[in-house]
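K.L.:
Mind having a look at this structure? Questions to follow.
The values are calculated or read from the model by the stated rules, or taken from the named source; none is laboratory data. Since the structure is predicted, the reported quantities are computational estimates derived from the model, not experimental observations. Ideal geometry is used to build each Cβ from the backbone, glycine not excepted, and the neighbour counts take in all protein chains shown.
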Amino acid sequence: METGTGGIIRIRNVSKSFGKNRVLRDVSLTIPEKSVYAVIGQSGTGKSVLIKTVIGMLKADSGRIWFRDQELTALSIREMNRVRRNFGYAFQNAALFDSMTVEENLAFPLREVLGLRDRELIKKKVQELLAWIELPGIESKWPHELSGGMRKRVGVARALITNPQVLFFDEPTTGLDPVLSETINNLVVRVNRELGLTCVMITHDIPAAFRIAGRIAFLDQGYIIADGLPRSLAESEHPMVKDFLRISFDQGAVNERAEGQET
Ligand SMILES: Nc1ncnc2c1ncn2[C@@H]1O[C@H](COP(=O)(O)OP(=O)(O)OP(=O)(O)O)[C@@H](O)[C@H]1O
Ligand SMILES: [Mg+2]
């Protein structure tokens with residue numbers, strides 16, 4: 001059986017349409033294990049659809065996706081639900097349950113996904129994770145009592161609490177000020193380095209993508225038009241990529257940042 005080579009997630013020739021709207025067109029990507037992998041591109045170009053297709057929230061029309069040696073696109077819904085436990089995802093709007101406290105929000109996946117019932121153990125896990133995201137003691141707070149940045153961090157904690165192997169972030173910094181954005185970007189780096197997770201991050205923050213990602217894929221109208229080390233994107237001759245990066249920051253800064261990434 002063909003499984004492709006390398007990578008914790010392999011996407012091969014995946015296409016996805018909604019009616020006449022062809023959103024993903026023959027997308028192939030390999031996400032290396034324990035990498036920080038950024039997906040960038042204009043709004044409405046299929047970035048969120050790509051992630052949702054990988055985690056099985058949407059079904060690809062064609063193409064194949066593997067997680068390690070398991071072909072996700074060949075699994076039944078039931079099998080996929082089991083395999084999906086290896087994935088955590090922090091959505092674009094960090095949707096916490098408003099009617100639950102922080103503790104209840106974090107306990108929810110422990111109960112529902114992992115089937116944990118031991119209250120003391122649940123309490124302890126929640127407490128430890130809140131300390132790890134540097135928000136200790138906020139268990140009894142309600143989501144509306146938190147700042148936007150705190151909500152995002154709790155959203156990340158909720159995605160982490162079931163011990164996934166891959167964490168997907170859909171625009172974790174959108175709507176945050178530069179200082180808070182930095183906090184969240186640093187959190188992504190810590191998730192990667194300290195917990196050893198593979199992090200796949202959709203972002204509009206191009207300088208951050210160049211700073212923290214080991215690889216970057218550029219999606220344009222459903223096509224991957226560039227994919228590789230930050231340096232190779234910085235040097236891309238593709239007009240769309242060049243334009244996008246020029247607008248995002250001046251080319252000198254792109255090269256400088258990419259230099260630091262060359263390992
Ligand atoms: N469930 C759905 N049903 C129908 N069309 C959808 C669905 N989800 C996404 N689309 C369409 O797919 C296209 C890509 O959407 P997607 O959310 O992936 O964009 P994006 O790159 O994440 O944009 P943004 O940067 O604004 O978040 C859009 O045209 C959108 O309308
Ligand atoms: Mg999106």
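K.L.:
If you go through the stretch 32-50 one residue at a time, how many are closer than 12 Å to I9 by Cβ, surrounded by fewer than 22 Cβ atoms within 10 Å (Cβ to Cβ) and within 13 Å of ligand 1 (Cβ to nearest atom)?
P.N.:
Of the residues in the stretch 32-50, 0 are closer than 12 Å to I9 by Cβ, surrounded by fewer than 22 Cβ atoms within 10 Å (Cβ to Cβ) and within 13 Å of ligand 1 (Cβ to nearest atom).
K.L.:
Hey, another quick one. Where residues in the stretch 160-182 are of a type in the set (A, V, I, L, M, F, W, C) and in a helix (DSSP H, G or I), which of them is farthest from L135 (Cα to Cα)?
P.N.:
So the residue we want is V179.
K.L.:
Can you tell me which residue within the stretch 53-68, out of those that are modelled with pLDDT of 95 or more and under 15 Å from V166 (Cα atoms), is nearest to ligand 1 (Cβ to nearest atom)?
P.N.:
Going through the qualifying residues, I end up with T53.
K.L.:
Of the residues in the stretch 93-124, how many are in contact with a Ser or Thr (Cβ under 8 Å, 6 or more places away or on another chain) and under 17 Å from L146 (Cα atoms)?
P.N.:
Residues that pass the stated criteria total 3.
K.L.:
Could you list all residues from the stretch 1-31 that are more than 9 Å from ligand 1 (Cβ to nearest atom), buried (at least 16 other Cβ atoms within 10 Å of the Cβ), within 19 Å of the chain's Cα centre (by Cα) and touching a residue at least 60 places away in the same chain (Cβ under 8 Å)?
P.N.:
Within the stretch 1-31, I8, I9, V27, L29, I31 meet the criteria.
K.L.:
Could you check I77 against (1) surrounded by fewer than 14 Cβ atoms within 10 Å (Cβ to Cβ); (2) within 16 Å of ligand 1 (Cβ to nearest atom); (3) among the β-branched types (V, I, T) and say which number it fails?
P.N.:
Against the list (1) surrounded by fewer than 14 Cβ atoms within 10 Å (Cβ to Cβ); (2) within 16 Å of ligand 1 (Cβ to nearest atom); (3) among the β-branched types (V, I, T), I77 comes up short only on (2).
K.L.:
Count, please, the residues in the stretch 38-80 that happen to be in a helix (DSSP H, G or I), within 13 Å of ligand 2 (Cβ to nearest atom) and in contact with a strand residue (DSSP E or B) (Cβ under 8 Å, 6 or more places away or on another chain).
P.N.:
Of the residues in that region, 6 qualify.
K.L.:
What are the pairs with Cβ atoms under 7 angstrom where one residue, in the stretch 160-174, is among the charged types (D, E, K, R) and the other, located anywhere, is within 16 Å of ligand 1 (Cβ to nearest atom) and not in a strand (DSSP E or B)? Sequence gap at least six, or different chains.
P.N.:
D170/S48; D170/I51; D170/F91; D170/Q92; E171/Q92; E171/T203; E171/H204
K.L.:
Then there is this: State yes or no: is R111 in a loop (DSSP other than H, G, I, E, B) and of a type in the set (K, R)?
P.N.:
In short, no.
K.L.:
Among the listed residues A226, A157, which satisfies the condition of being of a type outside the set (D, E, K, R), away from ligand 2 (no atom under 16 Å from the Cβ), in contact (Cβ under 8 Å) with a residue 12 or more places away in the chain and not in a helix (DSSP H, G or I)?
P.N.:
When all the criteria are applied, what remains is A226.
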